[in-house]
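**Student:** The structure is given below, and queries will be raised subsequently.
Every read-out reported here was derived from the displayed coordinates using simple, explicitly stated rules and does not represent laboratory data. Predicted model only: the values in this text are computed from it and were never measured. A quick note on method: Cβ atoms are made from the backbone with ideal geometry, for glycine too, and the neighbour counts reach across all protein chains shown.
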Amino acid sequence: MNLLKAVKTVCIVALLSAALCAGVFSWQAQVLAEETPKDSNEVQMPVYEPGRKMPKGMAESSVSITIAAEPARVWKTIVSFEEYPAIFKRIKTSAVTRKEGDYIFVETCLKPQMFVKNQMQHTVSCITKGPKSLNWKQLDGNFKHVDGSWHLDAVDGGKTNLTYTLHVDAGTIVPPSMVSFFLKFVQKEVVGQLKQYIEKEEKREKHSLSRSKTNSANSD
């Protein structure tokens, strides 16, 4: 029994680490029903009301991180879907397939890895509340249901507090409490890579600007 539990644990960690990176997008970022087209179930985002119990089988987890960049810069990076392969190490390709108003459909291909049956995944993101928050959900993939959100808050010093929330129904593989536990590890990986990418780009641009000003002063 212990061996079976260990195998299940390894499987769920691998699946979460891989599959959820494709959807790298707190109940604070809800999308109300009236904001979605009534004739399209495909783009309707789940709504989780604060204080209410999660639907049966659903796991929830949130992590926050501070990024040394303005919210506008963080938002710009989050919605640069085509750049995801350069940001998140588990993603091979990412492309926007279509746009419908504030809804953006993305096709993501994951790099080959253990236990991942479906490498190609599709998500839809809602930017109605941008640049404050973004909601998304997977349309297909390796789990019964996955949705999530990014929530951005400006903090002193030109920084951003970013909250990344996930809701996952893994079916009968692992109970929600265990899924929530492992989600933290996946989320920390995702936000860590995002922070590293943005702050590296910030330093590169500041250095380039400084050199440009120096060259301009010397030429004068």
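**Student:** Kindly write out, for the range 186-198 in residue order, the coupling ³J(HN,Hα) from the Karplus curve 6.51 cos²θ - 1.76 cosθ + 1.60 (θ = phi - 60°), rounded to whole Hz, with x marking Gly and Pro.
**Tutor:** With the stated coefficients, the range 186-198 comes to 5, 5, 5, 5, 5, 5, x, 5, 5, 4, 4, 5, 5 Hz.
**Student:** For the range 68-119, what is the convex hull volume of the alpha-carbon atoms per residue, in Å³?
**Tutor:** Taking the convex hull of the Cα positions in the range 68-119, it is 98 Å³ per residue.
**Student:** Still on this structure, please answer the following. For the pairs Lys89/Lys137; Lys137/Lys188; Lys99/Lys188, flag any whose C-alpha to C-alpha distance is greater than 24 Å.
**Tutor:** Over 24 Å Cα-Cα: Lys99/Lys188.
**Student:** What list do you get for Met178, Met45, Met58 if you sort them by fewest beta carbons within 10 Å?
**Tutor:** Met178, Met58, Met45
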